[in-house]
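Reviewing the structure listed below.
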There are 4 protein chains.
Amino acid sequence: MKRITILINCKDSKGIIASVTNFIHQQNGNIVYIDQHVDREDNMFFMRLECEFSKESFSLRVFKNVFSEVIGDRFEMTWRLHDSDLKPKMAVFVSKYEHCLYDILSRYSANELEVEIPLIISNHPDLEHIAKNFNIPYYCIKVTRETKNEAEEAQLKLLKEHNIDFIVLARYMQIISPKLIEEYPNQIINIHHSFLPAFPGAKPYHSAFKRGVKIIGATSHYVTEDLDEGPIIEQDITRISHTHSIKDFILKGRDLEKIVLSRALKLHTKRKVLVFKNKTVVFN
Amino acid sequence: MKRITILINCKDSKGIIASVTNFIHQQNGNIVYIDQHVDREDNMFFMRLECEFSKESFSLRVFKNVFSEVIGDRFEMTWRLHDSDLKPKMAVFVSKYEHCLYDILSRYSANELEVEIPLIISNHPDLEHIAKNFNIPYYCIKVTRETKNEAEEAQLKLLKEHNIDFIVLARYMQIISPKLIEEYPNQIINIHHSFLPAFPGAKPYHSAFKRGVKIIGATSHYVTEDLDEGPIIEQDITRISHTHSIKDFILKGRDLEKIVLSRALKLHTKRKVLVFKNKTVVFN
Amino acid sequence: MKRITILINCKDSKGIIASVTNFIHQQNGNIVYIDQHVDREDNMFFMRLECEFSKESFSLRVFKNVFSEVIGDRFEMTWRLHDSDLKPKMAVFVSKYEHCLYDILSRYSANELEVEIPLIISNHPDLEHIAKNFNIPYYCIKVTRETKNEAEEAQLKLLKEHNIDFIVLARYMQIISPKLIEEYPNQIINIHHSFLPAFPGAKPYHSAFKRGVKIIGATSHYVTEDLDEGPIIEQDITRISHTHSIKDFILKGRDLEKIVLSRALKLHTKRKVLVFKNKTVVFN
Amino acid sequence: MKRITILINCKDSKGIIASVTNFIHQQNGNIVYIDQHVDREDNMFFMRLECEFSKESFSLRVFKNVFSEVIGDRFEMTWRLHDSDLKPKMAVFVSKYEHCLYDILSRYSANELEVEIPLIISNHPDLEHIAKNFNIPYYCIKVTRETKNEAEEAQLKLLKEHNIDFIVLARYMQIISPKLIEEYPNQIINIHHSFLPAFPGAKPYHSAFKRGVKIIGATSHYVTEDLDEGPIIEQDITRISHTHSIKDFILKGRDLEKIVLSRALKLHTKRKVLVFKNKTVVFN
């Protein structure tokens, strides 16, 4: 069987669900999963379907065309359609912190993540040995104020050469430029080490310590031009107390960062996340 | 608009979703919510729909008949159909503990629960004053070994007289007889003060203390003939440590019991729970 | 036995613990509980002790004098000393929301809180019926822009008349004036319905909804002149998703508010909270 | 400075805290951390201290003798005394699952764990490549019903040769024999993939799935002769729903196992755990 995933959003109106499910049925497809959401504030409709078709008679190209004509245009939908068997290609950006990279790669090698990782890009040489252990090409592209533009060009070139679908910033300590964001809209996933919108920007654990909070968090979000303000995919927290130093915050935070980031990656790679108006609909 | 909720389970097969959604459409209904689940172990299909119909032309009786003929019989479904605007009638059973009763009634008076509460039944007179504060009839039916049968008859009579749809045991300290369970299958909701299946039966906090666990829990489940083994609706936990005494467990547990029970009540009253093979599908 | 609680903070130096414990011993006291903390950033020492003395020979007044001379002055301590058997007197301030008031009073009537509640003060008459049910005097003092000063005078008069030790703002919807704060430094406990420092000020659930967070929180803190910036006593969170409306946030948030506030009250009434530099040390 | 950690338990009586702190003071030590607990059920006293002494004049051997005579004997204490700077030597036992091993070794290489790991022992060759990446000797000792005794002798020999202080079973799939347990009492740490005492023994995720629980857990405990019934060090949980398959349980469980085990390891290596009557006192 050929399995496809359909993601839809459009203005809410009557009959969308029936029209779409009926259409799939007429195309000899079987719906194996359906989830839907209506945002009453914005009167928007969101849907995610997984459908199966007989491999012999199914053409993704043809299906897309017919879907567009019969359904997409009628409801003025924004829609995406994925071959569920195709693993997306993910680039990992890192700097000097190793914990998120180790976590991603050990999940990858245990077949826990449904992605391909063609390359790792870093602005430092420090973590190359880890990439080597896992047999993944590691490109060190230094970034200084003077070389920022060239570095970015080099990054983009590598991403294009490897047909990268999306990027994960695994504690990459550089601000991503508008150009790269524009090339990968809602396709760059960051992990921020605070419970956003509390403590955006640099050194959130230090700020959390100073404020005397009783809980710290981590947030995975899509990167937009506004620093740490992109659509949130996943968050989690852990309790702390007056007995914990900033160093303890950092250690406890690492575990949070790894788990929150890996959850966000799984949601993204399974195409369970829809973005609308700087918020996410997560069909989980 | 008339809104109805449809709950379905049947053997999984192709085309169920399309058939049902198509049927609703043909009846001039609009699907406002759809959620579905396939249990791959048992090859079972579960679905929950909320649909809206024009009030003028819609007859629930007629719709049920047509649905049964066209859809229900075809897929050999087990199905239930509720008028979403009709609040179910809930009886509250209590003994001497007041915290769950207070919690339910204060939520009820704040319109947080979509139920009617025609009566409270207890085997003790102790909590009558609370019932009075909230203006709800309180029936004290003593239960002793000798009077168990008569007490049960009296309870059943009251339940029938008030057209009770389901029962909540808000820390009711008597074992429910098979007869009552048979009259209200998957309609009696209990709160057990442990993280089931750990510590079933009496005095779970004492057992948890003795075992030295680091987390205690509460479990809300439907009552079946096997004590504390019915289908679980909701669970939650709280951390404890060596510094906590059994009395502390009980105090911390109270908050858990209240929250877990109220969540289960909300899920049940919104018809979001389906039971199959002693497990629940909770569409949330 | 007479039990007392001692709370200490001072610059860290060698021998404080030995000196204090030795002193208690020499006064024929028995230490039943000791907890201590050193803040390495600020080089500050914090300690909480519970000690028992024979009732016959013990005078709190004398003990205080000797402690001050022998220990307090030597280490330049800030210290407080409480008779553990004396329940503090708490005033409850409310407006129109009932959930926190219900929660506090039902815990109070179940002897869960070690306080006396001599009165409830409100700027609205709406919740008087609840106060009546629990037999607690309810004073309605309207607050308008013009009458703010007089209202405050009336509040202060009531608080003094009833020898109030501390105040809980159970969703009291007025800003507390500097004068009242000065009279009750670190003795006014507020519950804010967000995970501070995220979403301070008005309508935090609306802001959380707009930002698309995946977790909401509640924070109990001491009131200072800077709105929602006082020392945090306790926080907790609950997960939400795109399926939840603002109304759902508010409902789920209520449960958080009740639990977080009641935990903060318990910590405060058991004298487990020390404040230093806008942060709390919570000996739990 | 020389820092030592003292762990004490004995029958509760008056003056223990003052006597111990006074003693440390007389030995020219400075108490930098003190925590204590009284178990009212068993009338037992527990204490943990960290003290600093001038390096020149301090002899651990002498101190132990004097402490034993002056304090230990007087209160009939069970006590242990550790040089805080000496890292304990930990052996890792594994079978085929790699996630806990990866987690431990990546924390080890990031200096997060205050241990030395002289060797890894396995009953399978599968994970040797991971040991190699981290440059740690890997000994494969096959265990069959016939060779169980010899295998155990070989294990013990290796443990003795490397002066191993404690053992972590990082999903080691063999039952530990009484002999090994006797050699390492409360020094063998296991991770069990359920929320004990629910689902002890084999295949807990399968049992949890069958029971339809809404939360799964992991438990780290000391190994005793009763399978999965030893003193619990740490537990944690994660929410699951009807949408999760057994495979999902296993994947989500892995993250729990890693975190719970690493927390237990940290508590053990920092000598924060005291065992009494099959329960733990965890000074955290």
Eigenvalues of the alpha-carbon gyration tensor of chain A, times 5 and square-rooted, give semi-axes in Å, largest first, of 36, 23, 17
Per residue convex hull volume, Cα atoms of the protein assembly as shown, in Å³:
213 Å³
What does the average come to when, for each residue of peptide C:24-36, you count the partner chain Cβ atoms lying within 10 Å of its Cβ?
4
Just to be sure I understand the model, the point goes 7 Å from the Cα along the line to the Cβ. What's the resulting C:Arg239 to B:His244 distance in nm?
2.1 nm
At R0 = 25 Å, how high is the FRET efficiency between B:Lys132 and B:Lys87 if r is their beta carbon distance? Nearest 0.05 is fine.
0.65
Cα-only radius of gyration and Dmax that characterise the stretch A:50-133, units Å
19.2, 53
For a footprinting-style exposure proxy, rank D:Val143, C:Val260 by other Cβ within 10 Å, fewest first.
D:Val143, C:Val260
In deg cm²/dmol and to the nearest 500, what is the mean residue ellipticity at 222 nm of chain A if only DSSP H runs of at least 4 residues count, each as -39500 (n - 2.57), divided by the residue total?
-9500 deg cm²/dmol
Compute the semi-axes of the equivalent ellipsoid of the stretch C:167-277, taking the square root of 5 times each eigenvalue of the Cα gyration tensor, and list them largest first in whole Å.
25, 15, 11
So for the stretch D:113-187, Kirkwood radius off the Cα pairs, Stokes-Einstein at 20 °C and 1.002 mPa s: how many µm² s⁻¹?
163 µm²/s
Other protein chain Cβ atoms within 10 Å, averaged over every residue that makes up A:237-243:
6
Please average, across the residues of C:212-221, the number of beta carbons from any other chain that are within 10 Å of each residue's own beta carbon, and give a whole number.
6
The protein assembly as shown: antiparallel DSSP beta bridges as a percent of all, rounded to 5
75 percent
With a cap of 12 neighbouring Cβ atoms within 10 Å, and only residues DSSP puts in a loop, list the GluC sites (Glu not before Pro) found in the stretch A:49-79.
A:Glu56, A:Glu76
Past the 20 Å Cα-Cα mark, which pairs from B:Lys89/B:Lys157; B:Lys214/D:Lys272; C:Lys14/D:Lys270; B:Lys247/C:Lys270; A:Lys132/D:Lys87; A:Lys214/C:Lys279?
C:Lys14/D:Lys270; A:Lys132/D:Lys87
Residues other than A:His221 with Cβ under 9 Å of its Cβ, Lys/Arg counted +1 and Asp/Glu -1, net out at -3
Given Cβ point charges of +1 (Lys, Arg) and -1 (Asp, Glu) and nothing else, what value in debye, to the nearest 20, does the dipole of chain C about its Cα centre take?
600 debye
Please compute the modelled spin-label separation between A:His124 and D:Asp73, points set 7 Å along Cα→Cβ, answer in nm with one decimal.
5.6 nm
Using DSSP to define loop residues, name the GluC sites (Glu not before Pro) in the stretch D:143-174 whose beta-carbon has at most 15 other beta-carbon atoms within 10 Å.
D:Glu146
Mind checking which of B:His37, B:Leu60, B:Thr78 is farthest towards the positive end of the stretch B:37-84's charge dipole, using Cβ charges of +1 (Lys, Arg) and -1 (Asp, Glu) about the Cα centre?
B:Leu60
Once the label point is set 7 Å along the Cα-to-beta-carbon vector, what list of distances in nm do you get between A:Thr238 and its counterparts in the other copies?
1.4, 2.3, 2.5
Roughly what percent of Cα-Cα pairs across the stretch D:2-83 reach past 14 Å?
60 percent
Packing-based order for D:172-182, A:209-219, using average beta carbon neighbours within 10 Å, highest first
A:209-219, D:172-182
Give me the net charge of D:Thr269's neighbourhood, meaning all other residues with Cβ under 12 Å from the Cβ of D:Thr269; Lys, Arg count +1, Asp, Glu -1.
+4
Neighbour-count order for C:Asp248, B:Asp85, fewest beta carbons within 10 angstrom listed first:
B:Asp85, C:Asp248
In debye to the nearest 20, how big a dipole does the stretch B:51-207 give about its Cα centre with +1 on each Lys and Arg Cβ and -1 on each Asp and Glu Cβ?
400 debye
Whole Å is fine, so just give me how far the alpha carbon centre of the stretch A:41-70 lies from that of the stretch D:32-50.
65 Å
Pick out which of B:Ile17, B:Ile259, B:Ile120 has the largest mean-square fluctuation in a Gaussian network model of chain B, springs linking Cα atoms closer than 10 Å.
B:Ile17
Taking the simple approach of a point 7 Å from Cα along Cα-to-Cβ for both A:Lys179 and D:Glu182, what is their distance in nm?
7.3 nm
I need the calculated FRET efficiency for the pair B:Glu114 and B:Val38, taking r as the beta carbon distance and R₀ as 35 Å, to the nearest 0.05.
0.75
Tell me the relative contact order for the stretch D:89-282 as a rounded percent, counting alpha carbon contacts under 8 Å between residues six or more apart.
20 percent
Ordering of B:196-206, C:91-101 by burial proxy (mean other Cβ atoms within 10 Å per residue, highest first):
C:91-101, B:196-206
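Taken together, the values in this text are just the output of simple stated rules run on the coordinates, not laboratory data. Keep in mind that this is a model prediction, so the values were computed, not measured. When we count neighbours, we look across all protein chains shown, and the Cβ atoms used for this are built from the backbone with ideal geometry, even at glycine.
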